[in-house]
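K.L.:
Would you mind keeping the following structure in view while I ask a few things?
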Amino acid sequence: MQKQNTTSILIAVLLILAAAISRVLMYPDNFSPMIGMAIFGGAMLKDKRLAFALPLFSMFLSDLMFEVFHIAPGFWGWGQLVGYAIFAGITLMAFSLKKVTVLRVAGYSILSSVIFFLLSNLSFSSLIIISIIFTHRPHRDSGTVMSAHCLSSVPA
């Protein structure tokens, strides 16, 4: 029993490493196995904690590699947390994949990709709108300031 548990953990660590490295190597094409790993974890793993851990740890590890090796910003804000939550939701959705067939896995893959695209883009747009609303401060006499600034740049 202990050997089975150790083997499962070793396989999980290898899957996390392989997914994280492939995500970094495939950058900026964004073709990576993360959604597939979330579906696999949700559909196939009996240990639900491990099902969530596979995609989330591999995302975190690849984000860490992006940051450490200066490939891209690895940790960039609230939108990133939304992405992690979407992967957790895809894993949760894959719990309902009881009978694994090629057609069902293909359907879940396409649906998960569409869900990720829509939710990540909607959340990004929402965050931009919210930041504009909360950071926009109307300036008093902004026209006067603008006119004075434009006049000061005219050569004499």
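What follows draws every value from the coordinates through simple rules; no lab data is involved. Owing to the predicted nature of the structure, the values given are computational and were not obtained by experimental measurement. Heads up, the Cβs are rebuilt from the backbone with ideal geometry, glycines too, and the neighbour counts pull from every protein chain shown.
K.L.:
Relative contact order for segment 14-87: what is it in percent, counting Cα pairs under 8 Å that are at least 6 residues apart?
P.N.:
Once divided by the residue count of segment 14-87, the mean separation gives 28 percent.
K.L.:
By the scheme Lys and Arg +1, Asp and Glu -1, what is the net charge of all other residues having a beta-carbon under 14 Å from that of A43?
P.N.:
Counting the neighbours of A43, the net charge comes to +4.
K.L.:
Under a plain spin-label model, where a point goes 7 Å from the Cα along Cα-to-Cβ, how far apart in nm are K48 and W78?
P.N.:
That separation, rounded to one decimal, is 2.9 nm.
K.L.:
Any idea what % of Cα-Cα pairs in segment 1-56 are farther than 20 Å?
P.N.:
26
K.L.:
From the phi of every residue in segment 20-37, what ³J(HN,Hα) in whole Hz does the Karplus formula 6.51 cos²θ - 1.76 cosθ + 1.60 yield, where θ is phi - 60° and glycine or proline is x?
P.N.:
5, 5, 5, 5, 5, 5, 7, 5, x, 5, 6, 9, 9, x, 5, 5, x, 5
K.L.:
Ok, one more. Between segment 102-126 and segment 1-77, how many Å separate their Cα centres?
P.N.:
Answer, in whole Å: 18.
K.L.:
Taking segment 35-109, how much of its Cα-Cα pair set, in percent, is spaced more than 15 angstrom apart? It would help to have the intermediate numbers written out before the result.
P.N.:
Working: 1537 of 2775 pairs.
Tail of P(r) above 15 Å: 55 percent of Cα pairs.
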